[in-house]
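Q: Before anything else, here's the structure in question.
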Amino acid sequence: MKRIILIATLVAGAFSTSPAQTTYLESLQVENRQVTKNGPNVRVQMDLRLDDLQMKSQHAVQLYPVICSADGSHEQALQPVYMDGKIRSKVWERRAALHKEPSGDAANRLRRRNGKAQTLRYEDETPYEPWMLNGTLELRADVTGCADCDEGHETLATGGILPYREPVYEMAVVQQPKAETVKRRSEVRTARLQYRQDNYQVLPQYKNNQAELDKVQASIDAVKQNTDLTITGIYVTGYASPEATVAYNQALSERRARTFTQYVQQRNPEVDQSLWHVEGKGEDWDGLRKVVEQHPDLLKQDEVLRIIDECYGNQDACEERIKALVPPDIYQRVLNEMYGPLRRNEYRIEYNVRHFDLAEAKQLLKSQPGLLSMAEIQQVADSYGKGTPAYKEALRIATETYPDNTTATNNYALSLMEAGDYDTAIRLLEQRAKGDGSLLNLLGVAQFKAGNMDKAEEAFRQAADTRYAPAQDNLRKLEEAREVLGK
């Protein structure tokens, strides 16, 4: 693949009588220089004008281009060419005639005729390596005299080669969250009271009921006593285990939910009666499946789960199927260890939160960020200045407070990437980006910045599959970059 073309153009001119030089490259002119990527190779082409070069008759010069990396850690020399002074040229010709040819054949040797215009056309190729990007091309000369003695070495910088700039990918910018006209919040909690058999009355002194009731009151007080909050509803839902019949458990769950609500109402008379809502859900088979999954040591666990999954109609029959499993210890474990957590009252406190000014929001961000809207948290972040540690920390809190909010994820990921923390951005986006074209596209950019080409391509493709328009163009840019980088 390598080839050297020498074109010697002789133009009549006056013979210079100026003293001979001991350096040559400073008199050489490089013209029409081209360094291009040619498939798997790099091609180097240039014209070397020798018009002003005065060469000693006893000297021979070996010229060779060298590709150097930008950081100086790599270099690749190309095929050399030779220039001979008058006497050295004759010596070479004699040796060649006697089959004692020195380095270089006639195709890449040139006799320098001082005072004449001569142009040496150079062309060669060498395998491409990514380190050559943004590198330089040097022209080096090794000068020898009579008896091949060393007369010195020279280097001429010819400039940069193979310029490469990292692709500029299209991606989302920092987004301003939508303001919440009304900030609605809710808290869901569970009260696990103990009841006497077949009883639905709330007995504070029975077993650990008082501690459980104290927790319920504390959660209501936390909302009720906070002047920034206004209760808009308290929803109580009773659940039962599958022990006994479906009809019995439905009624039992309703009665226990009602007596629990009445007990709590009496201790919170200032809460409007119309805000309380009560219902019974009966047997909790979905909950039973979750509890059984938590007991991998249960004998025939897979069969118990299959019975639960097939239980669409007659739930009493389903329980009988579990009872019929052999050995009977299976049902006894389900009854004694797994039914208990199903018997409970869940209550959801819904409330509205007032809006806060910047100073208030800064304080709440440290203690109760859930009371702030995404817009308020973004306002706090912006007040610290983009790129500052406080800005990034505010956005981190936003993603923890609102894990399903794509704006929060987008803005925090961007702040991480701008700080060069691509690994943390990737972990965040891998958790949150599923199915979202904009976030998947941002994940592709983060993977590229981290040097993960295959994962970047995968993320861009997933984003393109969601019909996120910029992803397709980014995929094309990535493919072009991989071709140049050899990755």
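Q: Roughly how big is the chain's charge dipole about its Cα centre, with Cβ charges of +1 (Lys, Arg) and -1 (Asp, Glu), in debye to the nearest 20?
A: So the magnitude is around 1000 debye.
Q: Ok, one more. For the chain, which longest stretch is free of loop sites, where a loop site is one of the GluC sites (Glu not before Pro) that DSSP puts outside H, G, I, E and B and that has at most 13 other Cβ atoms within 10 Å?
A: 1-269
Q: Okay, moving on. Students often get this wrong, so try it: which of (i) 86, 28, 16; (ii) 40, 28, 20; (iii) 38, 33, 25 is semi-axes √(5λ) of the Cα gyration tensor in Å as calculated from the structure shown?
A: Of the labelled values, this structure produces (i).
Q: Using the 4.7 Å Cβ rule, please list in number order the cysteines from the chain without any candidate partner.
A: For the chain, the answer is Cys68, Cys146, Cys149, because their Cβ atoms have no other cysteine Cβ under 4.7 Å.
Q: How would region 24-169 be classified by its alpha-carbon gyration tensor: rounded, prolate or oblate, with rounded meaning a/c under 1.5 and the a/b versus b/c comparison settling the rest?
A: prolate
Q: Which of rounded, prolate or oblate describes region 145-263 when judged by the alpha-carbon gyration tensor and an a/c cut-off of 1.5?
A: prolate
Q: Sticking with this structure for a sec: In Å², what does the accessible area per residue of region 195-285 work out to with a 1.4 Å probe?
A: Here the per-residue accessible area is 52 Å².
Q: Hey, which of these cross-link pairs are over 27 Å Cα-Cα: Lys386/Lys449; Lys207/Lys281; Lys183/Lys224; Lys290/Lys455; Lys178/Lys455?
A: In this structure, Lys290/Lys455; Lys178/Lys455 exceed 27 Å between Cα atoms.
Q: Between the DSSP loop rule and a limit of at most 16 other Cβ atoms within 10 Å, which trypsin sites (Lys or Arg not before Pro) in region 209-268 are left?
A: Arg267
Q: Next question, about the same structure. Compute the accessible area per residue over region 337-487, keeping the other protein chains in place, probe 1.4 Å, unit Å².
A: 45
Q: Moving on. Is the shape of region 85-229 best called rounded, prolate or oblate, per the rule: a/c under 1.5 gives rounded, else a/b larger than b/c gives prolate, else oblate, with a ≥ b ≥ c the square roots of the Cα gyration tensor eigenvalues?
A: Prolate, since a/c reaches 1.5 and a/b exceeds b/c.
Q: At a 1.4 Å probe radius, carbon and sulfur cover how many percent of the accessible area of the chain?
A: Exposed carbon and sulfur together represent 48 percent of the surface.
Q: Sticking with this structure for a sec: Can you give the convex hull volume of the alpha carbon atoms of region 423-487 per residue, in Å³?
A: With only Cα atoms used, region 423-487 gives 59 Å³ per residue.
Q: Of Thr181, Gln447, Pro40, which is farthest on the positive side of the dipole of the chain, counting Cα position, with +1 on Lys and Arg Cβ, -1 on Asp and Glu Cβ, and the Cα centre as origin?
A: Final value for the positive-end residue is Pro40.
Q: In the chain, what percentage of the DSSP-assigned beta bridges are antiparallel, given to the nearest 5?
A: If we restrict to bridges inside the chain, about 85 percent are antiparallel.
Q: Sticking with this one: Place a +1 charge on the Cβ of each Lys and Arg in region 158-276 and a -1 charge on the Cβ of each Asp and Glu, then give the dipole magnitude about the Cα centre in debye, rounded to the nearest 20.
A: Magnitude of the dipole: close to 220 debye.
Q: Now a separate question. For region 63-141, count the residues as N, evaluate 2.2 N^0.38 Å, and divide the Cα radius of gyration by that value, please.
A: 1.38
Q: Right, next: Take the chain, mark every one of the chymotrypsin sites (Phe, Trp or Tyr not before Pro) that falls in a DSSP loop and has at most 10 other Cβ within 10 Å, then report the longest stretch left between them, sites excluded.
A: For chymotrypsin sites (Phe, Trp or Tyr not before Pro) (loop position, at most 10 other Cβ atoms within 10 Å), the longest site-free span of the chain is 16-311.
Q: Rounded to the nearest Å, what's the spacing between the alpha carbon centres of region 155-221 and region 261-284? Just the number, please.
A: Taking the Cα centre of each part, region 155-221 and region 261-284 sit 26 Å apart.
Q: If you don't mind, another one. Computed over the Cα atoms of region 241-346, what is the ratio Rg over Rh, Rh following Kirkwood?
A: 1.09
Q: Enumerate the aspartates and glutamates that Lys477 could reach by cross-link, defined here as Cα to Cα under 15 Å, with residues fewer than 8 away along the same chain left out.
A: The qualifying aspartates and glutamates are Glu166, Glu170, Asp454, Glu457, Glu458.
Q: Residues of region 22-81: accessible area per residue at 1.4 Å, in Å²?
A: I get 43 Å² per residue for region 22-81.
Q: What distance in nm lies between label points placed 7 Å from Cα along the C-beta direction at Asn199 and Ala70?
A: Going from the Asn199 label point to the Ala70 one covers 8.0 nm.
The values are calculated or read from the model by the stated rules, or taken from the named source; none is laboratory data. As the structure is a computational prediction, the values presented were derived from the model and not from experiment. Don't worry about glycine lacking a Cβ; one is built from the backbone with ideal geometry, like all the others, and counts go over all protein chains shown. Heads up: the accessible areas ignore ligands, DNA and RNA and are worked out on the full protein's heavy atoms, side chains in. Shrake-Rupley method; radii C 1.70, N 1.55, O 1.52, S 1.80 Å.
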